[in-house]
1. Multiplying the sequence separation of residue B:215 and residue B:162 by 0.36 nm and subtracting their Cα-Cα distance, what value in nm do you get?
2. What are the membrane-span-like helices in chain B by this rule: whole DSSP H runs, Cα extent along the axis at least 15 Å, mean Kyte-Doolittle hydropathy at least -1.0?
3. Going by average Cβ neighbours within 10 Å, how do the peptides B:542-552, B:625-635 rank, with the highest at the top?
4. Along the Cα→Cβ direction, 7 angstrom out, place labels at residue B:376 and residue A:184. What is the inter-label distance in nm?
5. Can you tell me the FRET efficiency between residue B:559 and residue A:52 if r is taken as the Cβ-Cβ distance and R0 is 45 Å, rounded to the nearest 0.05?
6. With +1 on each Lys and Arg Cβ and -1 on each Asp and Glu Cβ, how big is the dipole of the stretch B:147-238 about its Cα centre, in debye rounded to the nearest 20?
7. For residue B:657, list long-range residues whose amide hydrogen, built 1.01 Å from N in the peptide plane, is under 5 Å from its own amide hydrogen.
8. Expected output is a single nm value to one decimal: the length gained when fully extending between residue B:58 and residue B:574, i.e. 0.36 nm times separation in residues minus the C-alpha distance. What is it?
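The values are calculated or read from the model by the stated rules, or taken from the named source; none is laboratory data. The structure displayed is predicted, hence computed values, not measured ones. Counting neighbours? That spans all protein chains shown, and the Cβs are built from the backbone with ideal geometry, glycine included. Surface accessibility is based on the protein's heavy atoms, side chains included, excluding ligands, DNA and RNA. Shrake-Rupley method; radii C 1.70, N 1.55, O 1.52, S 1.80 Å.
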Amino acid sequence: MKLRIAALGVAAAIAAAPLARATTLVHMNLRDLVQRADKVVRVTVLDVSAGTVSAGGGDLPTVTYRLKVEESFKGDAAEGKGAGVLEVRMLGTAKAARTEGNVRKLSFLQDVPELRVGQDYVLFTTRPSSAGLSTTVGLGQGAFTITGSGKSEEQAVNAFGNAGLFRGMSETGLASGRPVSYAQLAQAIRAVTGK
Amino acid sequence: MKTSTIRLALVLLVAAAAAPAFAGGPLANCDSGQPFLWDVSGPGIPFNPDQGDLGPLTHAAAVAAVADSFNRWALVPTSTATYFQGAELPVDVDITNFEPYLDAPAPDGLSAIVFDDTGEIFDLLFGPGSGILGFAGPEWGDVTTCTITEGLSFLNGPAFDDLTAATDVMVHEFGHYSNLAHTIVNGQQFLGLGDTSGPTPNNTFGNPPNPLAFEVIETMYPFYFGPGTGTQNLNRDDVSMISTLYPEATFFTTTASIAGTIFLPDGATRLSGVNVIARNTADPFFDAVSAVSGDFTDFTDQGDPVTGTYRLNGLTPGASYAVYVDQILAGGFSTTPVALPGPEEFHNGAAESSDASTDDPSVFTAVSAAAGGAATGVNVIFNTFAPGDPLPVGDDDFVQLPLPFAFKMCGQEYNAVYVNANGSLTFGAGSTDFSESIVEFLGGPPRIAGVWDDLNSAAGGIVTFDRTANTFTVRWEDVPEFVNTGANTFSITLKRSSNQAEIEYGDLTVVDGLAGLSCGGAITSGFENEENLRTHGHRRTINMNNDTAAFEIFTAGETNDLAGYELTFSNFKNGFRDEFEPNDDIAHARRISPPFSNESVRSFSTVSPVGGDVDYFRFRVKAGDILALETVRGAFDSLIGVFDADTGDLLAFDDDGGNGLLSRLLLQANVDLNLAVAVTAYPDFDFNGAGESGGRYVLVANTYRGDILPVGDDTTTELPLNFPFRYQGATYNSVFVNSNGNVTFGAGNTDFSESVPELLAGPPRIAPLWDDLDGTQGIVVAEHSSHQLNLHFISVPEFFATSPNYFTVHLDVLGLSGIFYGATSRSDALVGVTEGGGAADPGETDFSARFPILSGRGTTYEQFNLGDTVDLSFRSLLFLPF
């Protein structure tokens, strides 16, 4: 076919079609989460976009979150114009199942937390790999949704209902398995980081 | 009680919480009521081990552990599932070559069990220290036979301390490989979540024999309690599900079943995502089986007969079972768990109803069935509230209530409504959002908002409802704003016969908030603008005919004026017709003329039905034309394809180059062409309508001619003019094109943080959209002639965002200037003209409320912010030279 049309601007990303599998994770309490995390930040999700990254001999689908850092508990903040903005690229996609002919692709890792634009979170992110990929530590364990944002009674709960979050951390006086106030979570994180 | 066991590593076994509604039973469904299944009629379920070692395990030990773990499932006597080891993978999979096994583009005949010996693959995919031990599942399925054809598993070798830990993880993961999802029977009582053995707060059957008797925890429970806690040993629930999927001939004839449906309080609306547990009253922990309602379908709508249903197999014939609904408290599930619409409760036989006075949640009617038989109709109807009861919506919560009649919103019929604490009713989904916004109002669920604001009935006032055969009313009475300020009274009434919505306001103390009606994100364009809801008199009827939303947002500068008023919304019953159908192929492509966009309801376009629609449009381009093709709005995962309309050749396509999952192509033609543009949904790469999502979209199809300017992020480019341009009393021979959405004269400007003082103090300026725009993510084109210049900002998003902005600045030899907006993001910005140099502040002008021809002398501006976003999409502003 004669090339009669040329692409301009940002190249189109053509992603494959993953779906869900099941994942086994080490359970972590808050101390483990903090210690394993490269960054611990409270963020507001500004934007989400899909893309790909080359790794392992091919291209893998990614989801990139652009995050406004509201509060930093651990890790370096960006400098320059992008100060206060963090970009996290995770393996995964929001794509629906793909069927070609008679064949449907049934599985791909989709256990990475799905973050919603405009929502506040406390994220414990891993150090980006050589491919630029990271995730939240323990997947949903390291992603706390903040409800009642901007209010005095803000609550934080991770994707697993804070199950076992304070196990072995009786010094916090906090109970696992239920939402915790943001102020208490922040205090407990600071107690671990020593800041 | 010894506590040492508790210190064993607790591990999460996580399924995709965000996945579509796969089941608590099967992980992947082929069709409603039909899960994908491996073919076990032949040699069994295949697996192909990796060539290398697995952390502490040698290759031989790892392969043996894999075989042993599969064999735990194969040994279930009532199941036909068997497994066989195929050839080893053709390579030793490592960090350099894993992608074809993780994300194969097509079936390859292999069901890979990848041994990540060094952990490098997991570190690369998730970053170091992610805590991920492994994952597994079916990989490919044949949709004509609903047969799983390949599976896969990745195992993180260094994460296993020993063989026991590896085997525990493998047995659980290979349950997923066999297409079992997570389940909850007893595990929830071990996590310290306060769960009970009956409907909470009733601990009907007491605690398990010993709180540390981990043997009662099902293998497919989402949390792993560490080596030695029995994960390798299957429980009744695990045996039931593997046998249900792959039954021996005698399974259903020698065991009993219980089946039923979970209903909302209306007794008619079926509800998926509710965990149902049956316990043998004589052996409540070891003889117990669960299912999540609706687990055998991916759909949750009432048109699917499987929605809300459950079936428990493998039960003891003749035994007495207590059946109850239980809130899932933690863990990831492939059938999305729902917040229960009422208290947990037992099935209570003939007394089952929504009335708590006669249907005590703590009382059960025992159910039993004979061998080969099934007790059916074991339903649960959630208890609910009575008219006048305080609705427990608190500060930011919601409750779902059944409607006494079917109510239509923009073509969709609803039998239930969500009452949201923050002053609105929504349909199809509840809303806890206390920070009202136009974007969310238009893009969220269908909504009727009386006062969408941060109301707090936990601090005062009361929210109640009332109903008759023909009306349904929710009333907020004396409800303060958060924390506890003032008192607000209003009601929203839905009317059966007219299908109208009426909002009646009493006293209001709020000054802000949002009021109105939205058809929701599947129907709105996202470009609808607010209007003044209160006009004259004491009431107003708003005819929604051909409108997808009618609303007003109030701010501190434009305060809420609805106290004592009455609003009635009418004519929103019906849906909207796709104005371009039939246009499902190139031959039927509808002719359009760029610049084109279909944001108007008069050019309503939708990909519908899902899986059966693609829309084609055609137009002609000339050599040198620059094309912008973009789905700028749409609540689905779009695809755009560009075809040679004469030959049918696909020239270019895009999936996610636009905002989020939307699509964008920026192209340039180098010959004259008849083009056809197709809009469809992922993964319809053949553009024949086989997408898997859909809804309304707004397509921009524009062509431009001119020179592409080297505009970056925070840059300025001086552009010579082909004519002298007279502006603000001076004459200029060049213009500075500033990437942040404005042009200046005499000096460039790279300031990305717009402000009124800087507007007044800076150089003479025309600011179509002064904001922190990123020119590297779009293009800017200068279209010159001897007497005019058009500067086209094409799909330029804000810095660190992807929502596009289209606008054109026009300058001509007569000193006329103009701004022509296409699609713009609802964001903050500063818009206007100024002579600069210390100009006096004349105050803001509401451009959208003004006749669009204004004086270009002096300063005129409007400041938009995140509470009052840009409302100028598809409008024009013309500035005269005098």
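1. 17.0 nm
2. Passing helices, by number: B:59-74, B:163-177.
3. With the highest mean Cβ count within 10 Å placed first, the list reads B:625-635, B:542-552.
4. My value for the distance between the label points is 4.9 nm.
5. Plugging the Cβ-Cβ distance into 1/(1 + (r/R0)^6) gives 0.40.
6. 220 debye
7. A:13, B:664
8. That works out to 179.2 nm of additional length.
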